[in-house]
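The values are calculated or read from the model by the stated rules, or taken from the named source; none is laboratory data. Predicted model only: the values in this text are computed from it and were never measured. Note that each Cβ is placed from the backbone with ideal geometry, even for glycine, and that neighbours are counted across all protein chains shown. Surface areas here come from the heavy atoms of the whole protein model, side chains and all, with no ligands, DNA or RNA. Shrake-Rupley method; radii C 1.70, N 1.55, O 1.52, S 1.80 Å.
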Amino acid sequence: MARYAQVQGSVALITLTNPPVNALSAAVRLGITEAVTRALRDPKVKSVVICGENGVFCGGADIREFAKPMTGPPLVPMISAIEEGDKPVVAAIEGVAFGGGLELALGCHYRIAHSKARVGLPEVTLGLLPAAGGTQRLPRLIGLAPALELITTGRHVTAQEALKLGIVDKVTDQSAQDLAIQFAQEVIGQPLLPRKLSTQLTPCPPDVDTILDEAMARVKQRARGAMAPVACVQAVRAAVNLPYQAGMQKEQELMAFLFRSSQARALQYCFFAQRAVGKWSLSSGAHSGNSKPRPVTKAAVIGLGTMGRGITVALVKAGLSVVAVETNKKQLEMGKQMVSAMLKHDAQKMNAVPRLDLLHYTTDLSELKNTDLIIEAVFEDMALKKEVFKKLSSVCKPDAVLCTNTSGLDVDELASVTKRPELVVGMHFFAPAHVMKLLEVVRGSRSSPEVMATAMHLGKRLGKVSVVVGNCSGFVGNRMLRPYLDQANFLLEEGATPELVDGALEEFGFPMGVFKVSDLSGLDVGWRIRKEAGLTGPNVDPKDPLRRRQGRRYSPLPDLVCEQGRLGQKSGRGWYLYDKPGGRVATPDPDIHKLLEDYRVRHGIRPRQIGSQEVLERCLFALINEGFRVLEDGMAMGPEGIDMIYVFGYGWPRHRGGPMFYAAMVGLPRVLERLEYYQQVHPDVPHLQPSSLLRRLVVNGSPPLDKWRDFLQRPHSQL
Ligand SMILES: CCCCCCCCCCCCC/C=C/C(=O)SCCNC(=O)CCNC(=O)[C@H](O)C(C)(C)COP(=O)(O)OP(=O)(O)OC[C@H]1O[C@@H](n2cnc3c(N)ncnc32)[C@H](O)[C@@H]1OP(=O)(O)O
């Protein structure tokens, strides 16, 4: 796991050999410990180089080992032994030096990086801190403020930035290993003490307390209940206030606290779940390993509304040539201006040139003859979308892939109007499409494995976390959102206010509560969908009482709000009041409180005190229950997919792992018991009826999440 060689006569070359990322597993730590001991003892060895095999220095501690009992030599003494030795040790960094990998390099006396290498301490994103001396050595090396920034955000930096910051000593376009070997010979005999970071003091500016206090305030505001960033600041504070050994002690104490926390488990689960969803499989036996994506060099987007513009920008940023289509000239011109502005803005931030040359605008569908893949993003109306698909089917080359960005309409119905249903797939982007990381790839019943591979591969090129989902109403994300929204509205009827519900959800960790998000998205969106579904407006069954629709409880409150012209942020009023149309700062609105009070009087509802626990249980458990139904119906590959959809598309706090992970953390018996309770109290709300999968899991002793698939009734997958 660590290869030892003697090169150029006097240099010991230690190579980490643990593909794919040379993670510091027990075996690698043992290998390094033995190799370093050998090098330090061998009188013929005058200096040492540590590098990684296959162009990767080290991806850090082996995250998979965190869930198991600790074995092998610990990292801290291993790194100390390198630093304390009397021979210069040079780290040759290629690829990445992350987490424990960078901490290992910080224990070396010199660091040489390849120009394409990246370094960073991403432990905070795993709910941890750099506990192999990273919080103590990095501030001593680069100073308090930059170290705080890197440690609390986990940001990766390029070799060039690392050089500027002083993290590395040299950057090369050639082999970092070759330069390190040469350098290791040059530094033989030079004083080592100044290179031993543990012996140095952290450079302290006069306003050290202000810097630390501001950093703490910043992370608390940004972290929304996440513990690791707070612990990171505390550990760095120790690097300023305490001698090295005492600082290390503090680092270990904080790590022990974080290490077994549910947040760390949730974040590490997210790390692996994010990678797992990329490895998709279909019931037919096709999977990511045996299905080849089609090449896509030229794409098209139909419709330059908000979604179409975002998708166009995302495609161009990924280097694809794009034809953007609008039916009318005025809208085309407007779309063009906005896309250009977005690309310019983006390029400016990256100090790059906007790739406007990759774009071609047209009102003429026949110009799509040579495109490889088309994404339809017109208004959410089945008749209109069918018309577009019919035209595309006749205009585009026979092997072009046709994608729809519908947020919930039937992909099979759209495919049925084309001559190539096997080449039709859903690509459901989330607004703003060039920013949001989530992509639901919707498999129609006839979508071919090749077309699934193409959509998933394109998602990856766009930097998205792409999740394969089945073709059901609302797909996975929006389908689960409905019970959540319903519960939020019912809570208002029963005595809550928008700010009470949002407060509980924000305290839980959502960046915005449900009513603030609705105001941001525009309340008319849901209003239109409810009208089309016959839940409000002229198509309502006249026999339905006002608070019942289609045989179940219904809250007309959102409709009443829309009828008053309160459409959310864009009209300056929605569930909250804004300073102006388009304003962003939500303040509680006495008019909404009055509307709620009048409504309750009109319907004879006695308002009651509602606490945050009830808000969370009703909103979140209803959503989770639908998640179990999604699994039962075979509309998702597994709980990991659902969780990644919620983390990357709906603001579910990552440190809570996603709804299904959260359910497992709370305990499935508890979720079941609360759903049963609320179902008894609200028998007219079918989505509170616990799903049979949840019941089956509880009866079978609540197996861990990765075993849930075994309890699905077969054949289950609609994928
Ligand atoms: C009770 C008290 C106890 C308290 C004390 C306990 C102390 C114990 C701890 C000691 C101190 C530890 C301090 C150090 C901590 C760390 O180092 S944590 C890890 C930090 N590193 C990272 O977060 C890096 C994570 N990896 C990445 O960012 C990327 O994987 C990459 C390295 C940039 C490579 O990217 P890419 O090429 O895109 O490949 P991927 O698909 O992402 O990965 C390929 C496969 O490798 C797996 N993997 C990656 N990194 C790790 C890792 N660090 N450990 C284990 N596995 C890793 C990844 O899952 C992929 O696997 P497959 O999906 O199976 O292919």
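So how many residues does region 249-268 have that are within 12 Å of the ligand (Cβ to nearest atom) and either modelled with pLDDT under 95 or open to solvent by 10 Å² or more (accessible area, probe 1.4 Å) (or both)?
So in region 249-268, the residues within 12 Å of the ligand (Cβ to nearest atom) come out as 251-261, 264, 267-268.
If we keep only those that are either modelled with pLDDT under 95 or open to solvent by 10 Å² or more (accessible area, probe 1.4 Å) (or both) as well, we get 252-257, 259-261, 267-268.
Matching residues across region 249-268 total 11.
Can you tell me which residue in region 523-545 is farthest from the chain's Cα centre (by Cα), limited to those that are surrounded by 13 or more Cβ atoms within 10 Å (Cβ to Cβ) and assigned to a loop (DSSP other than H, G, I, E, B)? Let's see the steps before the verdict.
Applying the first criterion (surrounded by 13 or more Cβ atoms within 10 Å (Cβ to Cβ)) to region 523-545 yields 523-537, 540, 544.
With the extra rule that they be assigned to a loop (DSSP other than H, G, I, E, B), the set shrinks to 533-537, 540, 544.
Working: 533: 32, 534: 35, 535: 34, 536: 35, 537: 38, 540: 39, 544: 42 Å.
Taking the candidates together, the pick is 544.
Run down 103, 161, 65 and say which single residue is in contact with a Pro (Cβ under 7 Å, 6 or more places away or on another chain) and either in a strand (DSSP E or B) or not β-branched (Val, Ile, Thr) (or both).
Numbers: 161 fails: in contact with a Pro (Cβ under 7 Å, 6 or more places away or on another chain); 65 fails: in contact with a Pro (Cβ under 7 Å, 6 or more places away or on another chain).
Just a single option satisfies the conditions, and that option is 103.
Just need a number here: residues in region 470-522 that are assigned to a loop (DSSP other than H, G, I, E, B) and either closer than 30 Å to residue 411 by Cα or among the basic types (Lys, Arg) (or both).
Of the residues in that region, 7 qualify.
Looking only at region 585-611, which residues are assigned to a loop (DSSP other than H, G, I, E, B) and in contact with a Phe, Trp or Tyr (Cβ under 7 Å, 6 or more places away or on another chain)? Give the steps one after another, and end with the answer.
So in region 585-611, the residues assigned to a loop (DSSP other than H, G, I, E, B) come out as 585-586, 588-589, 603-611.
Within region 585-611, 585, 586, 588, 589 qualify.
Only one residue in 670, 709, 674 is at pLDDT below 95 and either open to solvent by 40 Å² or more (accessible area, probe 1.4 Å) or in a helix (DSSP H, G or I) (or both), so which one is that? Working first, answer last.
Numbers: 670 fails: at pLDDT below 95; 674 fails: at pLDDT below 95.
None of the others qualify; the one that does is 709.
Working carefully through the options 389, 379, find the one that is out of contact with any strand residue (DSSP E or B) (no Cβ under 6 Å at 6 or more places or on another chain), open to solvent by 60 Å² or more (accessible area, probe 1.4 Å), of a type in the set (Phe, Trp, Tyr) and touching a residue at least 12 places away in the same chain (Cβ under 8 Å). Full working, then the answer.
Working: 389 fails: open to solvent by 60 Å² or more (accessible area, probe 1.4 Å).
Going through 389, 379 in turn, just one is out of contact with any strand residue (DSSP E or B) (no Cβ under 6 Å at 6 or more places or on another chain), open to solvent by 60 Å² or more (accessible area, probe 1.4 Å), of a type in the set (Phe, Trp, Tyr) and touching a residue at least 12 places away in the same chain (Cβ under 8 Å): 379.
In contact with a Pro (Cβ under 8 Å, 6 or more places away or on another chain), within 28 Å of residue 432 (Cα to Cα) and buried (at least 18 other Cβ atoms within 10 Å of the Cβ), is that true of residue 566? Steps first, answer last, please.
Working: in contact with a Pro (Cβ under 8 Å, 6 or more places away or on another chain): no; within 28 Å of residue 432 (Cα to Cα): yes; buried (at least 18 other Cβ atoms within 10 Å of the Cβ): yes.
No: the conditions fail for residue 566.
Say we look at region 186-225 and pick out the residues that are touching a helix residue (DSSP H, G or I) at 6+ places or on another chain (Cβ under 9 Å) and hydroxyl-bearing (Ser, Thr, Tyr); which of these is most open to solvent (accessible area, probe 1.4 Å)?
Only one residue fits best here, namely 199.
Go through (1) farther than 22 Å from residue 236 by Cα; (2) assigned to a loop (DSSP other than H, G, I, E, B); (3) open to solvent by less than 10 Å² (accessible area, probe 1.4 Å); (4) within 16 Å of the ligand (Cβ to nearest atom) one by one and return the number of the condition residue 91 breaks.
The one condition residue 91 does not meet is (2).
If the requirement is being out of contact with any Lys or Arg (no Cβ under 7 Å at 6 or more places or on another chain), on the phi < 0 side of the Ramachandran plot and not assigned by TED's automatic domain parsing to the domain that holds residue 639, which of these qualifies: 424, 465, 417? Reasoning before the result, please.
Working: 465 fails: out of contact with any Lys or Arg (no Cβ under 7 Å at 6 or more places or on another chain); 417 fails: out of contact with any Lys or Arg (no Cβ under 7 Å at 6 or more places or on another chain).
Only one candidate qualifies: 424.
Condition first: more than 9 Å from the ligand (Cβ to nearest atom), open to solvent by 10 Å² or more (accessible area, probe 1.4 Å) and over 12 Å from residue 232 (Cα atoms). Now tell me which residues in region 144-160 satisfy that.
Hits for region 144-160 are 145, 146, 155, 158, 160.
Only one residue in 307, 334, 338 is more than 16 Å from the ligand (Cβ to nearest atom), part of a helix (DSSP H, G or I) and closer than 30 Å to residue 658 by Cβ. Which one? Show your work before the answer.
Working: 334 fails: closer than 30 Å to residue 658 by Cβ; 338 fails: closer than 30 Å to residue 658 by Cβ.
Just a single option satisfies the conditions, and that option is 307.
Name the single residue, out of those in region 438-450 being of a type in the set (A, V, I, L, M) and within 15 Å of residue 471 (Cα to Cα), that is surrounded by the fewest Cβ atoms within 10 Å (Cβ to Cβ). Outline the logic, then answer.
Step one: filter region 438-450 for residues of a type in the set (A, V, I, L, M), giving 438-439, 441-442.
Now restrict to residues that are within 15 Å of residue 471 (Cα to Cα): 439, 441-442.
Details: 439: 28, 441: 26, 442: 32.
That would be 441.
How many residues does region 105-135 contain that are near the ligand (Cβ under 9 Å from one of its atoms) and out of contact with any helix residue (DSSP H, G or I) (no Cβ under 6 Å at 6 or more places or on another chain)?
Qualifying residue count for the region: 5.
Looking at (1) open to solvent by 60 Å² or more (accessible area, probe 1.4 Å); (2) in contact (Cβ under 8 Å) with a residue 40 or more places away in the chain, find the lone condition where residue 412 falls short.
Tallying (1) open to solvent by 60 Å² or more (accessible area, probe 1.4 Å); (2) in contact (Cβ under 8 Å) with a residue 40 or more places away in the chain, residue 412 fails exactly one: (1).
Look through 448, 466 and report the one residue that is small (Gly, Ala, Ser), over 17 Å from residue 375 (Cβ atoms) and touching a helix residue (DSSP H, G or I) at 6+ places or on another chain (Cβ under 9 Å). Before the answer, list the steps.
Values: 466 fails: over 17 Å from residue 375 (Cβ atoms).
From the options 448, 466, the qualifying one is 448.
Any idea which of 502, 486 is open to solvent by 10 Å² or more (accessible area, probe 1.4 Å) and assigned by TED's automatic domain parsing to the domain that holds residue 637?
On the way: 502 fails: open to solvent by 10 Å² or more (accessible area, probe 1.4 Å).
Exactly one residue qualifies, and that residue is 486.
Is there a residue being closer than 26 Å to residue 192 by Cβ and surrounded by fewer than 16 Cβ atoms within 10 Å (Cβ to Cβ) anywhere in region 12-29?
no
Any chance you could count how many residues in region 123-142 are open to solvent by 10 Å² or more (accessible area, probe 1.4 Å) and either outside the structural domain of residue 199 (by TED's automatic domain parsing) or not in a helix (DSSP H, G or I) (or both)? Outline the logic, then answer.
Here is the first cut: in region 123-142, the residues open to solvent by 10 Å² or more (accessible area, probe 1.4 Å) are 123-126, 131, 140-142.
Add one more test, that the residue is either outside the structural domain of residue 199 (by TED's automatic domain parsing) or not in a helix (DSSP H, G or I) (or both), and what stays is 131.
Residues that pass the stated criteria total 1.
List the pairs whose first member sits in region 508-524 and is assigned by TED's automatic domain parsing to the domain that holds residue 487, whose second member is of a type in the set (S, T, N, Q) and in a helix (DSSP H, G or I), and whose Cβ atoms are under 7 Å apart, counting only residues at least 6 apart or on separate chains?
519/569; 520/569
Just give me the residues in region 39-62 being within 11 Å of the ligand (Cβ to nearest atom), assigned to a loop (DSSP other than H, G, I, E, B) and open to solvent by 10 Å² or more (accessible area, probe 1.4 Å), in sequence order.
Correct list: 56, 59, 62.
Can you confirm whether residue 279 is in a loop (DSSP other than H, G, I, E, B) and among the charged types (D, E, K, R)? Spell out how you get there, then give the answer.
Details: in a loop (DSSP other than H, G, I, E, B): yes; among the charged types (D, E, K, R): yes.
Spelling it out, residue 279 is indeed in a loop (DSSP other than H, G, I, E, B) and among the charged types (D, E, K, R).
I'd like to check something: does region 76-84 contain any residue that is touching a Gly at 6+ places or on another chain (Cβ under 6 Å), under 14 Å from residue 23 (Cβ atoms) and buried (at least 24 other Cβ atoms within 10 Å of the Cβ)?
Checked against the condition, which is being touching a Gly at 6+ places or on another chain (Cβ under 6 Å), under 14 Å from residue 23 (Cβ atoms) and buried (at least 24 other Cβ atoms within 10 Å of the Cβ), region 76-84 yields no hits at all.
Looking for something open to solvent by less than 30 Å² (accessible area, probe 1.4 Å), in a loop (DSSP other than H, G, I, E, B) and in the same structural domain as residue 404 (by TED's automatic domain parsing) - is there at least one such residue anywhere in region 320-327?
Looking only at region 320-327, we keep the residues that are open to solvent by less than 30 Å² (accessible area, probe 1.4 Å), and these are 320, 322-326.
Then keep just the ones that are in a loop (DSSP other than H, G, I, E, B); that gives 320, 326.
Checking which are in the same structural domain as residue 404 (by TED's automatic domain parsing) leaves us with 320, 326.
Yes, because at least one residue in region 320-327 is open to solvent by less than 30 Å² (accessible area, probe 1.4 Å), in a loop (DSSP other than H, G, I, E, B) and in the same structural domain as residue 404 (by TED's automatic domain parsing).
Condition check: under 27 Å from residue 502 (Cβ atoms) and more than 23 Å from the chain's Cα centre (by Cα). Does residue 698 satisfy that? I'd like the intermediate steps shown before the answer.
Working: under 27 Å from residue 502 (Cβ atoms): no; more than 23 Å from the chain's Cα centre (by Cα): yes.
Against the criterion (under 27 Å from residue 502 (Cβ atoms) and more than 23 Å from the chain's Cα centre (by Cα)), residue 698 does not qualify.
State the number of residues belonging to region 687-706 that are among the hydroxyl-bearing types (Ser, Thr, Tyr) and either in contact with a strand residue (DSSP E or B) (Cβ under 8 Å, 6 or more places away or on another chain) or crowded, with 18+ Cβ neighbours inside 10 Å (or both).
Residues of region 687-706 that are among the hydroxyl-bearing types (Ser, Thr, Tyr), as a first pass: 691-692, 702.
Going one step further and asking which of them are either in contact with a strand residue (DSSP E or B) (Cβ under 8 Å, 6 or more places away or on another chain) or crowded, with 18+ Cβ neighbours inside 10 Å (or both), we end up with 691, 702.
The qualifying residues number 2.
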